[in-house]
Amino acid sequence: MSELRAAICPGTFDPIHLGHLDLIERAARLFDKVTVLVAAQSGKRPMLDLADRSDLARAVVRHLENVEVETFDGLLVNAAEKIGATAIVKGLRSVEDFQREQQMAMMNRQLLPEVDTILLVTSAHVQYISSSLIREIWALEGDVTQFVPDAVAEALERMRH
Ligand code: PNS
């Protein structure tokens, strides 16, 4: 019997969007178990608090049997080790993403050689989506429904009132 293969999909998820969901669904097909790890801190000042970001992530992955959502604080490699993950799965939209992700992958591998980073090229139909542009459009009272799952669109709409 082979061991269960566990992966993590870490991120700020501020908010989780259709590009994230595409990546998580693909990771769930490649691994036995996927943990979406919502970062308490990521060098950014999130618009949504940690509870909102993780609750929305939970709502969005509810249909995926082998996916769960957890939060983490501190170093990603420590969270990966605790979970027993063999891989960190991230999405690649662009050359800019590649430069950042390659450096993080190498740093993380130096810190914890047992865990490898797998970079999945983003699906074309969601390549242009980013949380920062969603926040900007939302703050300027634009419609973000086409970029996010329904649960997120509804939550963002409620936040306006
Ligand atoms: O959604 P993001 O901003 O691309 O996610 C970045 C995240 C949270 C994965 C990254 O900032 C992270 O791993 N933060 C945890 C702190 C850490 O381990 N830093 C060292 C990275 S080499």
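The values are calculated or read from the model by the stated rules, or taken from the named source; none is laboratory data. Remember, predicted model here, so these are calculated numbers, not experimental data. In this analysis, Cβ positions are derived from the backbone assuming ideal geometry, glycine residues included, and neighbour counts consider all displayed protein chains. In case anyone asks, the SASA skips ligands and DNA or RNA and just uses the protein heavy atoms, side chains included. Shrake-Rupley method; radii C 1.70, N 1.55, O 1.52, S 1.80 Å.
General remarks:
- Summed over region 71-99, the residues that are out of contact with any Cys (no Cβ under 9 Å at 6 or more places or on another chain), more than 9 Å from the ligand (Cβ to nearest atom) and closer than 20 Å to Ser131 by Cα give a count of 8.
- Just one of (1) within 14 Å of the ligand (Cβ to nearest atom); (2) in contact (Cβ under 8 Å) with a residue 12 or more places away in the chain; (3) surrounded by fewer than 16 Cβ atoms within 10 Å (Cβ to Cβ); (4) outside any loop (DSSP other than H, G, I, E, B) fails for Glu68. It is (1).
- Qualifying residue in region 20-30 (condition: within 15 Å of the ligand (Cβ to nearest atom), of a type in the set (A, V, I, L, M) and open to solvent by 10 Å² or more (accessible area, probe 1.4 Å)): yes
- Reported count of residues in region 39-64, each being more than 10 Å from the ligand (Cβ to nearest atom), assigned to a loop (DSSP other than H, G, I, E, B) and either touching a residue at least 12 places away in the same chain (Cβ under 8 Å) or open to solvent by less than 30 Å² (accessible area, probe 1.4 Å) (or both), is 4.
- Residues in region 3-13 that are more than 14 Å from the ligand (Cβ to nearest atom) and touching a residue at least 24 places away in the same chain (Cβ under 8 Å): Leu4, Arg5, Ala6.
- Conditions (1) open to solvent by less than 40 Å² (accessible area, probe 1.4 Å); (2) under 19 Å from Val89 (Cβ atoms): number failed by Leu119: (1)
- Given (1) free of Cβ contacts under 8 Å to residues at least 40 places away in the same chain; (2) within 22 Å of Asp150 (Cα to Cα); (3) not basic (Lys, Arg), number of the condition Ile16 does not satisfy: (1)
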